[in-house]
Amino acid sequence: MLVEKECCGNILLQGNLTGLQIWETDIEAKVKVAQITIYSSPSSTDPLEVEIVGTETKLMIVPPGNTVNFIGEGIKSVKVSAKGNELLYIEGKYVISTTIGLHSNPIPLNEQ
């Protein structure tokens, strides 16, 4: 069975908080396709680094005031981070749209 899901949210990294995992799937779900869009506000002080882990690990850089987009298969997790100091300030948004294949185990009629 295929299920389409979308999640979105805000990103805020300040000072010593330099990393945040924003999405992850468990081992039972098979991500067929994922589209990941990350926006970094022009008021951000540093570039945002996006680590996409799947069959391979991809690294994308989002400069302040820009948006990046990634489409791939078999994605397991997405983490955002930055290298900075105590004055670090990164604000942004993300949207992750996925098509996930779920194992369907029918419930026997006598157990319903």
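The values are calculated or read from the model by the stated rules, or taken from the named source; none is laboratory data. A quick note: this is a predicted structure, and the numbers were derived from the prediction, not measured. We place every Cβ from the backbone using ideal geometry, glycine too, and count neighbours over all the protein chains shown. The area values use the complete protein model at the heavy-atom level, side chains included, leaving out ligands, DNA and RNA. Shrake-Rupley method; radii C 1.70, N 1.55, O 1.52, S 1.80 Å.
Couple of notes before you dig in:
- Positive minus negative residues near Asn10 (Lys, Arg vs Asp, Glu; Cβ under 9 Å): 0
- Amide H contacts under 5 Å for Lys76, placed H, 5+ residues apart: Val53, Gly54
- q = 0.29 Å⁻¹, the range 35-84: log10 I(q)/I(0) [Debye, one scatterer per Cα]: -1.11
- Net charge contributed by nearby residues that have their C-beta within less than 10 Å of Glu73 (K/R +1, D/E -1): +2
- Computed with a 1.4 Å probe on the full set of protein chains, the accessible area for Thr67 sits at about 80 Å².
- Lysine pairs in the range 1-111 with Cα atoms under 21 Å, if 8 or more residues apart or on separate chains: 18
- For the range 32-46, 3J(HN,Hα) computed residue by residue from phi via the Karplus equation (6.51, -1.76, 1.60; θ = phi - 60°) reads 6, 9, 10, 10, 10, 10, 10, 10, 10, 5, x, 7, 5, 8, 9 Hz, glycine and proline entered as x.
- Solvent-accessible surface of the chain, taken per residue with a 1.4 Å probe and all protein chains present: 63 Å².
- Of the solvent-accessible surface of the range 18-78, computed with a 1.4 Å probe and all protein chains present, 51% belongs to carbon and sulfur.
- Expressed as a whole percent, the proportion of Cα-Cα pairs in the chain lying more than 16 Å apart is 60%.
- Amide hydrogen proximity for Ser44: with H placed 1.01 Å from N in the peptide plane, the residues at 5 or more positions away or on another chain lying under 5 Å are Gly65, Glu91.
- Nearest-20 debye value, the chain charge dipole, Cβ charges on Lys, Arg, Asp, Glu: 160 debye
- The chain: relative contact order as a whole-number percent, Cα under 8 Å and 6+ apart: 45 percent
- A probe of 1.4 angstrom, applied to the heavy atoms of all protein chains, finds Ile61 with accessible area near 80 square angstrom.
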